[in-house]
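Taking it in order: structure first as structure tokens, then the write-up.
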Amino acid sequence: MKKTGTYTYFPILIDVRRLPCLVVGGGTVALRKIRSLLEFNASITVISPKLCAGLTRLSKSGRISAIAKPYAAGFLKGQKIVFSTTDNPEVNRIVSRDCRQRGILLNVADGPSWCDFILPASLKRGDLIVSVSSQGKAPFLAKDTRRKLEGLLSPSLSDIAKLAGEFRRRILSNGAVISESEKKKAYGAFLAVDWDKILRKQGRQKAHKYLDLILDEIEKKPDTP
């Protein structure tokens, strides 16, 4: 059943490694969805009487499982997330009905009124992900905004994200930094550094040495009088 009235989607990140995904349809739209899912190590089964060349290659390489049959409700068994990528409204209606009955999350390509969730336009820089959404109302605008952001964000953000993750891990494991104000001050010290410049001009090894210096300063305790 389609949704009616005003609705909004809550932004969330899901670990798809533990949630089997079924993709209904074997065309280029399915291929785009599956390529995005594979970036996050999803376990994917695609069902379609025919597969496009790209999906055939992924199936032969073992990166996805493929079932060369028309959709049937029985294929939903064990699935947690479903993507319907066909251009057939009747198939979308049936898939939507079957998923709702089983409590399975559904995304329908170009059909937000059928969806339990939608996919934002996303830019990935290692562990840092920037997503843009129009709540499904103007995907072309979200994609264009993502494209503009891509030109603004440094390629070094992938390395900076790794450094930030290491910094936070070491701060949280440091018994000398325990209060929220101390943590905020420590994170401020990290953010004050031009990591992009260091990485571009001096490389990763120098950046890690600089990270150690900052942590050493934070970990120093005042001399006891």
For Gln101, net neighbour charge (Lys/Arg +1, Asp/Glu -1) across residues whose Cβ lies under 14 Å away:
+3
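Could you work out the relative contact order of segment 16-119? I mean the mean sequence separation of Cα pairs under 8 Å and 6+ apart, divided by the number of residues, in percent.
Value for segment 16-119: 27 percent.
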Take every Cα pair under 8 Å in the chain that's 6+ residues apart, average their separations, divide by the length, and report that relative contact order as a whole percent.
14 percent
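Hey, what number do you get for the chain at 222 nm if only DSSP H runs of n ≥ 4 count, each worth -39500 (n - 2.57), divided across all residues, to the nearest 500?
Details: 8 runs with 99 residues, N = 225.
Value at 222 nm, helices only, nearest 500: -14000 deg cm²/dmol.
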Order these peptides, 67-73, 179-185, by their mean beta-carbon neighbour count within 10 angstrom, highest first.
67-73, 179-185
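Tally Lys and Arg at +1 and Asp and Glu at -1 over the other residues with C-beta under 15 Å from the C-beta of Val29: what net charge comes out? Spell out each step's value before the answer.
Details: positive: Arg32, Lys33, Arg35, Lys50, Lys143; negative: Asp87, Asp110.
Counting the neighbours of Val29, the net charge comes to +3.
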At q = 0.08, 0.15 Å⁻¹, base-10 log of I(q)/I(0) for the chain (Debye sum, equal scatterers on each alpha carbon)
-0.44, -1.01
Hey, fewest Cβ within 10 Å first, where do Phe117, Phe83, Phe140 land in order?
Phe140, Phe117, Phe83
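Readers should treat all values here as calculations from the given coordinates under stated rules, not as data from a laboratory. Small disclaimer: the values here were computed from a predicted structure and weren't measured. When we count neighbours, we look across all protein chains shown, and the Cβ atoms used for this are built from the backbone with ideal geometry, even at glycine.
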